[in-house]
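Notes for the one structure printed next.
Please treat every number below as a calculation from the coordinates, not as lab data. The structure presented is a predicted model; accordingly, all values stated were derived computationally and were not measured. Note that each Cβ is placed from the backbone with ideal geometry, even for glycine, and that neighbours are counted across all protein chains shown.
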Amino acid sequence: MPFPYKRILCPVDFDQFSALALREAASLALDSGATVHLLHVVQIPPSLDEGATGGLAVGGNYESRIEVARKELERLLTIIPPEIKREVIIEVGRPGDLILDMQAQLGTDLVVMATHGRKGFSHLVLGSVAERVVRESRAPVLTVRSSS
C-alpha cells in the first residue's frame with residue numbers, strides 16, 4: 001500500500017546531515033508519488049528581531065546569501081532522482097518559525113529534517129530547531145541523524 005504522503009517538507013541548512021534528510025525524503029516521495037518541498041532559511045542574526053528592526057528587510061547581505069543558498073540547493077537536488085516532483089523555497093528569518101509556517105501554509109503531510117543531536121551546554125545555549133518542530137508541527141516529523 002502506498003504511503004499517504006502527497007507533500008513532504010524537507011528543511012535543510014547545508015550541513016553534513018542535510019543530504020541524509022533529503023535522501024530520506026526522496027525515498028519516501030519515490031514510494032508515494034509525493035512532492036518534496038525543499039526549504040532553506042537564510043537565518044537572521046539572533047540580535048535582530050522584528051521589534052528592534054521594525055520588520056525584516058531583505059537586501060544587502062541577504063541578497064548574496066540567498067544566491068549562495070539557491071546554488072547550494074541546486075547542488076543538493078542532484079542527489080535525488082529527477083522523476084521526483086520538487087519545489088525549492090528560500091526564506092529569510094528564524095528557522096523554527098519559518099519551518100512551522102511553511103508546513104502549515106503548504107499543508108505538508110510530513111516533515112523530514114536532520115537533527116544535530118546536541119547535548120548538554122551546547123543544546124542549552126543553541127536550542128534545537130528540530131526539537132521545536134517536533135513539538136509544534138501539525139504534521140508528523142521524521143528526524144534523521146547520522147549513525148556516527
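A compact table of results
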{"item": "Summed residue charge, Cβ within 14 Å of SER64's Cβ, Lys/Arg positive, Asp/Glu negative", "result": "0"}
{"item": "Proximal charge balance of LEU20 [Cβ under 13 Å; K/R count +1, D/E count -1]", "result": "-1"}
{"item": "Ranked list, fewest to most other Cβ atoms within 10 Å of each Cβ, for TYR62, TYR5", "result": "TYR62, TYR5"}
{"item": "Ranked list, fewest to most other Cβ atoms within 10 Å of each Cβ, for THR108, THR143", "result": "THR143, THR108"}
{"item": "Burial ordering of MET113, MET102, fewest other beta-carbon atoms within 10 Å first", "result": "MET102, MET113"}
